[in-house]
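A short worksheet on the structure shown next.
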Amino acid sequence: LGAIKEMQLFHSHNEQQALKYASLKRWFGFSVALNMIVAGYIAFGSFGMTNSLGSVLSRVSGISSKARMPMGVVMNPMTPSFMGHAATAGESVGAKSAMQAIRAPSNTRRNLAANAASVPLVGSQAPDFKATAVYDQEFVDVQLSSYIGKKYVLLFFYPLDFTFVCPTEITAFSDRYNEFKELDCEVLGVSVDSQFSHLAWLQTPRAEGGLGDLEYPLVSDLKKEISEAFNVLTDEGVALRGLFLIDKEGVIQHSTINNLAFGRNVDEALRVLQATRYVQENPDEVCPAGWQPGDTTMKPDPKGSKEYFSKVFE
């Protein structure tokens, strides 16, 4: 009798394990579908999907809001990827709680979208855009891809028109514009203001905090699509002080992003442009720290680098 009872307990245990495995397998399939839906929600959230997401999930999964699911298969909005799940074994969460987690603030959704796009901007093709800009007191269309094969582009973002640090940067780039032009580089400034705001600021004298005439276009990003594409848009809806150097192939070779309270250095932007041009024209050489035109470069191999170090540190 004891042996029979042991056999019964053994089979009962195996059945429980099989049921647990089937349950986890079913929830894993649901988790994959859930993450795909959330990805679509992040991409198209502006089309009013917020209120209908719960019903969509209920239809897809076939569960009610009272159903419980293992916490391990619910996407955690605070993790660094869509497949990063909460690792809390044994806990469970209802569909309603899952919806509350997914309906995260805009900054969380944007962080998820940024992490999903895991390819770094530097070394990648620059996001193309076409927008209205102000140049020479006129409204003009600017398309980033139109410079491919023709010019380098120094694209910089700033927070807002009629502010304080911004005009010091914008006018500084304009005053040095010819130095960029001599290196086949166009300069473009971008903010989330309208072209009308740009024009009014350009018509304001510098002595009154305005810009006066500029040597390059100011682009309007009123829909904030360009700032978001270059990942510089803040929760407050303005752009950080991002700067991107784009080569003639349309590839981003350099970027810096400053917070709102301090400006950028035009000398450094010019130096990086010179270094980028040099290494592209001399692909068997690299530029060490602080390199300026005329300085010694380095061969990117063990022997060549030792020749550089022996000269610099002799």
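Using a 1.4 angstrom probe and counting only protein chains, how large is the accessible area of residue 168 in Å², to 10?
Ignoring ligands and nucleic acids, residue 168 comes out at about 90 Å².
Using the Karplus equation 6.51 cos²θ - 1.76 cosθ + 1.60 (θ = phi - 60°), what ³J(HN,Hα) coupling, rounded to whole Hz, does each residue of region 203-220 give in order, writing x for Gly and Pro?
My calculation for region 203-220 gives 8, 9, x, 4, 5, 10, x, x, 10, x, 6, 10, 8, 9, x, 9, 8, 8 Hz in order.
Of 181/306; 150/303; 248/299, which ones are farther than 30 Å apart at the Cα? Display every interim value, and only then the final one.
Values: 181/306 36 Å; 150/303 36 Å; 248/299 24 Å.
Too far apart for the 30 Å limit: 181/306; 150/303.
In whole percent, what relative contact order does region 227-313 give with Cα contacts below 8 Å and a gap of six or more residues? Please list the in-between numbers first.
Numbers: 78 pairs, mean separation 12.6, N = 87.
Relative contact order here is 14 percent.
Calculate one ³J(HN,Hα) per residue across region 256-270 by plugging θ = phi - 60° into the Karplus curve 6.51 cos²θ - 1.76 cosθ + 1.60, and present them in order as whole Hz with x for glycine and proline.
After applying 6.51 cos²θ - 1.76 cosθ + 1.60, I find 9, 9, 9, 6, 6, 8, 9, x, 9, 10, 5, 4, 5, 4, 5 Hz.
Work out the length of the dipole vector of region 247-301 about its Cα centre, built from +1 on the beta-carbon of each Lys and Arg and -1 on the beta-carbon of each Asp and Glu, and round it to the nearest 20 debye. Intermediate values should be presented prior to the final figure.
Numbers: 5 positive and 9 negative charges, 47 e Å.
With only Lys, Arg, Asp and Glu charged at Cβ, the dipole is about 220 debye.
Among the GluC sites (Glu not before Pro) in region 151-228, which ones are in a DSSP loop with at most 13 other Cβ atoms within 10 Å of the Cβ? Mind listing them?
Details: sites: 169, 179, 182, 186, 208, 215, 225, 228; in loops: 182, 215.
In loop regions of region 151-228 (DSSP not H, G, I, E or B), the sparsely surrounded GluC sites (Glu not before Pro) are 182.
So how much slack lies between residue 249 and residue 181, counting 0.36 nm per residue of separation and subtracting their Cα-Cα distance, in nm? Don't skip to the answer; put the middle values down first.
Numbers: separation 68, 0.36 × 68 = 24.48 nm, distance 1.74 nm.
Once the chain is fully extended between residue 249 and residue 181, it gains 22.7 nm.
With every protein chain left in place, what is the accessible area per residue of region 190-260 in square angstrom, probe 1.4 Å?
Here the residues of region 190-260 average 43 Å² of exposed surface.
Non-local amide H neighbours of residue 187 (under 5 Å, H modeled in plane, Pro and chain starts lacking H): which ones?
Close amide H contacts, sequence-distant or interchain: 154.
Given a 1.4 angstrom probe, I'd like the percentage of the accessible area of region 179-314 that is carbon and sulfur, rounded to a whole number. Before the final figure, lay out the partial values.
Details: 3480 of 7030 Å².
In region 179-314, the share of accessible area belonging to carbon and sulfur is 49 percent.
Take every DSSP beta bridge whose two residues both sit in region 189-314, then give the antiparallel share in percent to the nearest 5. Spell out each step's value before the answer.
On the way: 8 of 11 bridges.
About 75 percent, rounded to the nearest 5.
Provide the solvent-accessible area of residue 132, counting protein heavy atoms only and rolling a 1.4 Å probe, rounded to the nearest 10 Å².
The accessible area comes out at roughly 40 Å².
Which sequence of 278, 177 reflects their accessible areas, 1.4 Å probe, from the largest down? Kindly include the intermediate steps, with their values, before the conclusion.
Details: 278 65, 177 20 Å².
Order by accessible area, largest first: 278, 177.
Less than 17 Å from a label point 7 Å out along the Cα-to-Cβ axis of residue 267: which backbone N atoms in region 291-307 qualify, by residue?
291-295
The values are calculated or read from the model by the stated rules, or taken from the named source; none is laboratory data. Everything numeric here is computed off the predicted structure, so don't read it as measured data. Neighbour counts run over all protein chains shown; Cβ positions are idealised from the backbone, glycine included. Side chains are part of the model used for accessible areas, which takes the heavy atoms of the whole protein and leaves out ligands, DNA and RNA. Shrake-Rupley method; radii C 1.70, N 1.55, O 1.52, S 1.80 Å.
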